[in-house]
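Input: a single structure, listed below in structure tokens.
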Amino acid sequence: MKAALLEKYGGEDAVKIGNVDRPEPAANEVQVEVCSASLNPFDYKLREGIMKENIHINFPLVLGGDVSGTISALGDGVSEFSIGDKVYGLANATKQGSLAEYTVVSISQLAMIPEVDYDTAAGLPLAACSAYQALHDHLQLASGQKILIHGGGGGIGSLAIQLAKFAGAYVATTLSARDKEFAEKLGADKTIDYATEDFTKLVKNYDSVFDTVGGETFEKSYLVLRPGGKIVSMSAGPNHELDAKYDITSLHQSTQASSERLEAITKLVNDHALTLNIDKVFNLDQAAEALEYLKSGHPKGKVIVRVKS
Ligand SMILES: NC(=O)c1ccc[n+]([C@@H]2O[C@H](COP(=O)([O-])OP(=O)(O)OC[C@H]3O[C@@H](n4cnc5c(N)ncnc54)[C@H](OP(=O)(O)O)[C@@H]3O)[C@@H](O)[C@H]2O)c1
């Protein structure tokens, strides 16, 4: 089968289109004939070898995690799904990814797709589960509360804005000036240009921060929270010293795109509470270019790789 392969650590030229064997599903996995895949920063960080001390990979690696498609084979013990089911979920991006004609997905990270096209479904798993896990499970955001979301123009941030508005919260978000209108359309009440404005001067006494940026942005977020407030970060923390100083609870989230969360996302999408903005669609032959575009092209929302028309 055709696949986008990482042949070595590096930049755009480390990714090549090639042929590999079709993967067979193990117990509690299904084989998915891929319609679309979507890209996440994890995929170019993996390409660059940023995590090579912690994550071992065998070259060539089929890249990609997010996937939508139809089930083409069942592993032992799978009774929850049938061949032909339209599904979406998260393949194992460090072992057998989704940028290929076929992939395998654990049934613990799989659900039936919402009433949207395959491109849209593929854009949801990691980003939407990240936003849902943070806002629903960790922050337990409630109506009337105030939240600051860092990175509101990005894949996770643009979904988090919508989930926060759906919960009835007041939403401020930091982003690039170019994403201001986009975030306002999604429901953001206050937008802050990260390049020219200091969010610590514009936001005070908030209940929660959801940080998709990390670094200094995470550290400065303590200044905008009320005592007893919470920070969930995708890229930093926790910082127990600052937690104690400001009476805050901080948490570094490792997202689990579980079937339960995917089912919750399916319902939110079908209820029109959550929409995905697709910035650009590439085809499988353009996978290397698509990854570079995600890294440097400042997309609004998600970048999709369509495998099957
Ligand atoms: N821990 C986990 O399990 C997990 C899971 C998923 C993702 N992540 C991480 O979460 C992060 C976000 O993921 P994503 O998919 O949302 O990425 P993304 O689509 O690239 O979005 C990031 C957004 O942040 C904006 N941004 C950059 N610097 C900023 C700043 N200083 N202040 C405010 N906004 C800023 C970017 O805008 P411009 O492009 O215009 O600068 C972009 O819109 C990535 O680092 C990813 O690796 C972690």
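Just to confirm my numbers, what's the Cα centroid distance between the range 5-57 and the range 226-271 in Å?
So the two Cα centres are separated by 26 Å.
³J(HN,Hα) across the range 5-21 via Karplus (A = 6.51, B = -1.76, C = 1.60, θ = phi - 60°), whole Hz, x for Gly/Pro?
Result, rounded to whole Hz: 10, 8, 9, 6, 6, x, x, 4, 6, 7, 10, 10, 8, x, 10, 9, 5.
Under a 10 Å cutoff between Cα atoms, tell me which one of LEU262, LEU159, LEU202 has the largest fluctuation in the Gaussian network model of the chain.
Sorting by GNM fluctuation, first place goes to LEU202.
According to a simple spin-label model (label point 7 Å from Cα along Cα-to-Cβ), what is the distance in nm between SER235 and GLU181?
Here the answer is 2.6 nm between the modelled labels.
Determine the principal axes of the Cα atoms in the range 18-94, then give the extent along each, sorted from largest to smallest and rounded to whole angstroms.
So the extents along the principal axes, rounded to whole Å, are 38, 24, 22.
Under a 5 Å amide H to amide H cut-off, with H placed in plane at 1.01 Å, what residues pair with LEU39 once short-range neighbours are removed?
VAL303, VAL305
In the range 1-62, what chymotrypsin sites (Phe, Trp or Tyr not before Pro) fall in a loop by DSSP, with at most 16 other Cβ atoms inside 10 Å?
On the way: sites: TYR9, PHE42, TYR44; in loops: TYR9.
Sites meeting the loop and neighbour criteria: TYR9.
In the Gaussian network model of the chain, springs joining C-alpha atoms below 10 Å, which of ALA128, ALA177, ALA287 carries the largest mean-square fluctuation?
Result for the chain, Cα springs under 10 Å: ALA177 fluctuates most.
Could you tell me how many degrees, from 0 to 90 and to the nearest 10, lie between the Cα long axis of helix 259-270 and the main elongation axis, the longest principal axis, of the Cα atoms of the chain?
80 degrees
Sticking with the crude label model, points 7 Å out along Cα→Cβ, report the distance from SER108 to ASP189 in nm, one decimal please.
Result: 3.9 nm between the two label points.
Count charges around SER98 for me, please; just the other residues with Cβ under 14 Å from its Cβ, Lys/Arg as +1, Asp/Glu as -1.
Net charge in that neighbourhood comes out at 0.
Report, for the chain, the % of DSSP beta bridges that are antiparallel, rounded to 5.
55 percent
Percent relative contact order of the chain, based on C-alpha pairs within less than 8 angstrom and at least six residues apart?
Relative contact order here is 20 percent.
If I fit a long axis through the Cα atoms of helix 287-296 and take the longest principal axis of the Cα atoms of the chain, what angle between them do I get, 0 to 90°, rounded to 10?
Long axis of 287-296 versus the principal axis of the chain: about 10 degrees.
What's the local net charge at ARG261, with K and R +1, D and E -1, over the other residues with C-beta under 14 Å away?
-3
With label points built 7 Å along Cα→Cβ from the Cα atoms of ILE50 and ASP271, find their separation and express it in nm.
About 3.4 nm, to one decimal.
Which links in LYS201/LYS295; LYS245/LYS280; LYS95/LYS185; LYS52/LYS302; LYS86/LYS220 stretch past 32 Å when you go from one Cα to the other?
Among LYS201/LYS295; LYS245/LYS280; LYS95/LYS185; LYS52/LYS302; LYS86/LYS220, the Cα-Cα distance tops 32 Å for LYS245/LYS280; LYS95/LYS185; LYS86/LYS220.
Can you tell me how much longer the chain between LYS308 and ASP137 gets when fully stretched, taken as 0.36 nm per residue apart minus their C-alpha distance, in nm with one decimal?
58.1 nm
Please list 3J(HN,Hα) in residue order for the range 242-247, calculated via the Karplus relation 6.51 cos²θ - 1.76 cosθ + 1.60 where θ = phi - 60°; whole Hz, with x for glycine and proline.
Values per residue, Gly and Pro as x: 5, 4, 5, 4, 9, 6 Hz.
Between ASN28 and SER254, 0.36 nm times their residue separation minus their Cα-Cα distance comes to what?
Once the chain is fully extended between ASN28 and SER254, it gains 79.1 nm.
Pop out the ³J(HN,Hα) list for the range 62-74 in order, Karplus 6.51 cos²θ - 1.76 cosθ + 1.60 with θ = phi - 60°, rounded to Hz; leave Gly and Pro as x.
Result, rounded to whole Hz: 6, 7, x, x, 4, 8, 9, x, 10, 6, 10, 7, 10.
With an 8 Å Cα cut-off and a minimum separation of 6 or more residues, compute the relative contact order for the range 127-252 in percent.
Details: 264 pairs, mean separation 26.6, N = 126.
So the answer I get is 21 percent.
Just the number, please: Stokes-Einstein D of the range 127-252 in µm²/s, Kirkwood Rh from C-alpha pairs, 10 °C, 1.306 mPa s.
115 µm²/s
For the chain, what is the convex hull (Cα atoms) projected area averaged across all directions, in square nanometres?
Convex hull of Cα atoms, orientation-averaged projection: 15.2 nm².
Near the amide H of VAL34, under 5 Å away, which other amide H atoms are found, from residues 5 or more places off or on another chain, if H is placed in the peptide plane?
Amide H to amide H, under 5 Å and 5 or more residues apart or across chains, VAL34 pairs with TYR102, THR103.
Every number in this text was worked out from the coordinates using simple rules, so none of it is lab data. Because the structure is a prediction, the values reported are computed rather than measured. FYI the Cβ positions are ideal-geometry reconstructions off the backbone, even for glycines, and counts take in every protein chain you see.
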